[in-house]
Amino acid sequence: MTYDAALLAYVSRLGDNALILGQRMVEVVAAYPELEEELANANFALDYIGQARMFYTYAGELEGKGRSEDDFAFLRDENEFCNCLLIEQPNGHFGDSVTKLVFFDAFYLSLLGALKGCKDARIAEIAARAEKEIRYHLRHNTQWIVRLGDGTAESHARVQGSVDSLWKYTGELFAPDVVDRTFADEYGGPDLEAIHDQWKTDVKTILDEATLTMPEDGWMAMGGKAGRHTEHFGYMIAEMQYLQRRHPGASW
């Protein structure tokens, strides 16, 4: 893989992660347990979608084919998205949503911190801006997982189930592929092994405070970074892309 191809793939992947998680969060607006939490969730979703726009705009410039952020979001097929599997999982109950966010935000915050020092100035600039948002997201969602885990017997059991069921999707976050390795070699990209160690420490601290048990590592689901997704993904992007697919070129 050439360095230019790795840069484009890496930037597109960052955009995919931000867009897909933002879309999942939008799905539960007006379905959270408190009005204040619904507003917070909506704002967090907008943060992610705003990050996706910045990454996709840069990807379009790198590609040089005139594609816009909308083209990347609404005119690619399922196997062209390279987001991780964790964030495309259905929202489920509130504990599922919060656990998914804590797992991903803890990873993403460390990733952004590392990307601030990469050799690509545009990525470093976006990462510095996004890091401030994600730090707040993680703090907010950590408060919820602690509240649920250290709450009633039912809330504890349900969120422990969320932790156990989502754990198998976390390994992919730290499994480098050719894009990660090439980006690291040429642009000083993140050391995923070091990030994994920090993530485990951070997540264990959160789970301990929530009186939850961190699962043992076992089989991990892989494939999202290569465009191989779970059964839920196709339904999600079909809904997300419906208007543009049904009315090509539609604008407000």
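Picking from Gly66, Met236, Val178, whose Cα lies most toward the positive end of the charge dipole for region 3-246 (charges on Cβ: Lys, Arg +1; Asp, Glu -1)? About the Cα centre, the residue reaching furthest to the positive side is Gly66. Quick check: from the Cα gyration tensor, does region 102-252 come out rounded (a/c under 1.5), prolate or oblate? Here region 102-252 falls in the oblate category. Projecting the Cα atoms of Val159, Ala6, Gly227 onto the dipole axis of region 3-246, where Lys and Arg carry +1 and Asp and Glu carry -1 at the beta carbon, places Ala6 farthest toward the positive end.
Rounded to the nearest 20 debye, the dipole magnitude of the chain is 360 debye, with +1 charges on Lys and Arg beta carbons, -1 on Asp and Glu beta carbons, and the Cα centre as origin.
Helix-only mean residue ellipticity at 222 nm, the chain, DSSP H runs n ≥ 4 weighted -39,500 (n - 2.57), per residue, nearest 500. What is it?
-22500 deg cm²/dmol, from helical runs alone.
For the listed residue pairs Lys132/Lys168; Lys119/Lys204; Lys200/Lys225; Lys65/Lys225; Lys119/Lys168, the alpha carbons are over 25 angstrom apart in Lys132/Lys168; Lys119/Lys204; Lys119/Lys168. For the residues Ala127, Ala31, Ala73, a GNM of the chain with alpha-carbon springs under 10 Å puts the largest fluctuation on Ala31.
Of the GluC sites (Glu not before Pro) found in region 154-252, those that fall in a DSSP loop while having at most 13 other beta-carbon atoms within 10 Å are Glu216. Taking amide H as placed 1.01 Å from N in the peptide plane, the amide H of Gly189 sits under 5 Å from that of Ala184, each at least 5 places away or on another chain. Amide hydrogen proximity for Leu85: with H placed 1.01 Å from N in the peptide plane, the residues at 5 or more positions away or on another chain lying under 5 Å are Gly224, Lys225. Taking the C-alpha atoms only, the angle from helix 153-166 to the longest principal axis of the chain is near 30 degrees.
Values in this text are rule-based calculations from the coordinates and carry no lab data. A quick note: this is a predicted structure, and the numbers were derived from the prediction, not measured. Glycine gets a Cβ as well: all are built from the backbone with ideal geometry, and neighbour counts include every protein chain shown.
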